[in-house]
Every structure is written in structure tokens, then in C-alpha cells.
Ligand SMILES: [Ca+2]
């Protein structure tokens, strides 16, 4: 997506009070600047947080359900706010989306996670979330490639997670980007499957490698027959299409046992580990 030029008078307004602290590196989109000029304090604070490296990756383990061995980690965002507790993504990802900062935010998280993971065992994968605006940007594959190569992290160890809604926004662009990512060795997972816009046709037309079954089904799997039936059907669908089935939000031993009985391949949730700072990952792998 071409970057809209930023009018000089807008930059002058932005710089007025913030000559030293203005995060120019992240103010590369007119959308972000318009947000800030319109008085969106959230966008301004988030841009500053990015410039000061306050948004950091926390990694949550993804395990093979059969062995409970760690297969990789999903990269999640946390805001180490200078005056508050750690801020959860629900509070700031919507701001990042509306201000156009989400791409810069996700890329920065990816860079830090890749740089750390390059030294971890070679079978440990990283999964990163890709936003709707990133998936509209035809340069996404080369951007991800540059980040991974810069961090000496092999692209074949990278997965991108994309929600159903994201895929729907611009199907043709998504399909082109998917094709390039696959040719680079990147795997693609459909995130939060089952709660949104489930178009099975898209599963057929897009080259997914994995489906992440939404936590809403996992939560009641040990107590409700209907949830079990739905999850069993999704796992069967995955295997028929040659995809890996991943269950999200596993919190109890009963849920894990049930998913294993249903032949679900991978799992993620507090039972296996909460999101942790990068520095804690190596000891979790021992
Ligand atoms: Ca995800």
C-alpha cells in the first residue's frame, strides 16, 4: 500500500510541542497523524509507547497435545506502561488498528521475537498475528522476509495467524499474499475458527496449514456434548483437508484429555503456560 505523503503543515502541528519526543519512526502514516490531530490521545500515547519500546512481545506456548512437548510460541503484545501495570492487548490493539499503527506494532514484536528465537532449538516455531490492514499491503511478504532474515530466523519456522474476518476483507489480495508467503516457507493458520464468518469455501480456496479452534468451544468441551461434537467435526475437517488442528484456551486437564481423545493435534492455553516475557522462554524449554 503506498504511504500517503504527510503534508508539511501537519508535521509542523505534530512537532509543535514534541520536538524531542515525537516518535517519527512510527508516524509514517497520514492516518495516524490525522488521528492524533483529531485529538485521539490514545493514538498519540500508543505512538510514543512504540517509539520508547514499551510494547513488547510476550510468548505463549503451543504444545503437541499427544506429548505436551512445546512446538512453538504465539507472539502476543503487552504494553509495559511506565505508570500502570502491564496493559493487555484488548485495551490498545483497537487503538493500533484505527490509527494505522498496527503494522508497525506487529512488525516490531516480530523483530524482537525472531531475534531471540534464532538461538532457540531449531524445531521451535513462532506464530505471529497479522491484522486486516497488513493483509491489504502487497509488500507484507517482503517485509516479513526482511525482518526474519535480519534476525537470522528461518522463515520456515514462522507461522502467520489470520482471522476469518481479515481474510474476508480483500479476498483476492489475501490470496496473492498467501501464495507468496507459502512460497517463502511460511505457514498460515486460520485464527479463532468457528465463531465468526466461517466460510468453508475459503478453506478450500486458501492454502491454510492449520485451524485454531476458538476457545469458546474448548471452554465447554468437557461438560457439553454439543461442544464435543463441534470440536470433533472441526478436527475431522482439518485432517480431511490435511490441516493441523489447534485448540485455543485450554485451561483444565479434562479439556486437554478430551481434545487428545478427539485427536486434536496442538493446544494452547493457561494449562500449558501463560504468555511470558522473552527472557523466560529459554528456561521454559528445558
Ligand atoms: Ca492468534
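Things to note:
- All of 101, 105, 76, 110 fail the test of being buried (at least 23 other Cβ atoms within 10 Å of the Cβ), at pLDDT 95 or above and in the same structural domain as residue 158 (by TED's automatic domain parsing), apart from 110.
- Residue match in the range 93-101 (condition: assigned to a loop (DSSP other than H, G, I, E, B) and either within 16 Å of the ligand (Cβ to nearest atom) or at positive phi (or both)): yes
- Residues in the range 250-284 that are within 19 Å of the chain's Cα centre (by Cα) and in contact (Cβ under 8 Å) with a residue 60 or more places away in the chain: 266, 267, 268, 272, 273, 274, 275, 276, 277, 278, 281.
- Scanning the range 209-242 for residues that are under 19 Å from the mean Cα position of the chain (by Cα), without any contact (Cβ under 8 Å) to a residue 40 or more places away in the chain and under 10 Å from residue 193 (Cβ atoms) turns up 211, 214.
The values are calculated or read from the model by the stated rules, or taken from the named source; none is laboratory data. The structure displayed is predicted, hence computed values, not measured ones. Here Cβ is always computed from backbone atoms with ideal geometry, including for glycine, and neighbour counts include all displayed protein chains.
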